[in-house]
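Encoded as structure tokens, the structure appears first; notes follow it.
What follows is calculated from the coordinates using simple rules that are stated; it is not laboratory data. Because the structure is predicted, anything quoted here is derived from the model rather than measured. So basically every Cβ, Gly included, is an ideal-geometry build from the backbone, and we count neighbours across all protein chains shown.
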Amino acid sequence: MIGAGQGGLGAAKVISELGVDVVVLEKGRIGETWLSQRWDSFSLNTPNWMNGLPGSPYPGDDPDGFMTHTELVDYFNEYVKEFDIDVRTGVNVTRVAPSNGDGRFVIETDSESGREQLECSQVVVASGIANSPHVPSVAAEFPEKIVQISTGTYRSPEHLR
């Protein structure tokens, strides 16, 4: 499993229930994009009851409320502990390729402990949709004094001054 966000963690739990050993590889921290690509005051725009993961519905007392991004990541971390999901953080997947024609895959990774190759029978890419913002080509023609940011880099109004 590549990605330790909502999709990756939920899929890892369901797949592991089928008796399959699952390893989740995450370049950053669990729920990284919720931490590093959201502004400081960000809250979800879907009610809490909609954000439950398989086997663990929203645990709080405000199902119709809207969690902050940090509350959601706290929930993800508790989920990993509750279901003993093998998440390896700080691991950047650099390549996924077919193995020697046997239907398996080789995943090449890079982390602080060095480069590594893992072999597996299946690969699920759950890296999310918010990793590469689309910037229209006309933006290259704007003067430098015009600040251009995406929702992934915006943090607070103070950064716009």
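Highest mobility in the GNM of the chain, judged by mean-square fluctuation with C-alpha springs under 10 Å and restricted to ASP74, ASP86, ASP62, is found for ASP62. Pairs of Cα atoms nearer than 8 Å and 6+ residues apart set the relative contact order; for region 6-130 it is 27 percent. The ranking of GLU78, GLU32 from fewest to most other beta carbons within 10 Å of each one's beta carbon is GLU78, GLU32.
Is there a quick way to get the dipole size of region 1-99? I mean about its Cα centre, with the Cβ of Lys and Arg at +1 and of Asp and Glu at -1; what is the value in debye to the nearest 20?
Dipole about the Cα centre, nearest 20: 540 debye.
Each of LYS81, LYS13 was scored by other Cβ atoms within 10 Å of its Cβ. Arranged with the fewest first, they read LYS81, LYS13. Of the residues VAL93, VAL22, ASN45, the one whose Cα sits farthest toward the positive end of the charge dipole of region 6-130, with +1 on the Cβ of Lys and Arg and -1 on the Cβ of Asp and Glu, is VAL93.
Remark: region 6-130 is approximated by an ellipsoid whose semi-axes, taken from the C-alpha gyration tensor as √(5λ), come to 29, 17, 12 Å, largest first. Cβ crowding within 10 Å, taken as a proxy for footprinting-reagent exposure, orders SER16, SER113 from fewest neighbours to most as SER113, SER16.
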